[in-house]
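Taken together, the values in this text are just the output of simple stated rules run on the coordinates, not laboratory data. Bear in mind the structure is a predicted one, so any value in this text is a computation, not a measurement. A quick note on method: Cβ atoms are made from the backbone with ideal geometry, for glycine too, and the neighbour counts reach across all protein chains shown.
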Amino acid sequence: MPQSIVRMKIVALFLITAMVQLAAQAPAKKESTVQATKPSDLEIVLTRTFTAPRQAVFDALTQEKHLVHWMKPTHMSLVKCEVDLRDGGSFRYVFQRPSGAKMEVRGAYQMVDPPHGFAYIETYDFSPLKVMVATALDQAGSNTVFTQTLKYPSKQERDDDFDGVATSATEAYDKLERYLSHQ
């Protein structure tokens, strides 16, 4: 074998070894821990395990003093956060884009059972859609298993919303996990 081919093979082997070593040192991309499923024609179920006690997760999901720290969609800010946490109570979140455009999300609590969960009907200022949302929190050792069921009026509305819900839930609950880890 000619000398130049041997040298090229040695250089190639060296480069491959260096790339493998660099890849091993690079932080692994964390896979999303939110699972989004369609268990029926009308439902989306979101499941995630948080590394925090159930009471801390419940509080972070339902109290203004926590929500303002993590409920911030990309390219939006939470400019108003109002929560009346009780059966028959309500919540109102107003988000603002850099352009100044605002978007409002409202909820009417049907059931509140601290720290086990809550249920509400969610409505929006930009859509006639009404979604029934039930959130259950189960303690699993020092972790909390979060299960949120969203029930839609029709299969079409559920299907139209699925990708957006899965994406925004992943973003939001990753932020919530980071927030909880610093509490």
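Compactness ratio for the range 32-181: Cα radius of gyration over 2.2 N^0.38 Å (N = residue count) comes to 0.99. Of the peptides 166-175, 53-62, the order by per-residue mean of other Cβ atoms within 10 Å, starting with the highest, comes out as 53-62, 166-175.
Spin-label pair D84-D160: with each label point 7 Å from Cα along the Cα-Cβ axis, the two points sit 3.0 nm from one another.
Comparing Cα centroids, the range 123-137 and the range 39-88 end up 13 angstrom apart.
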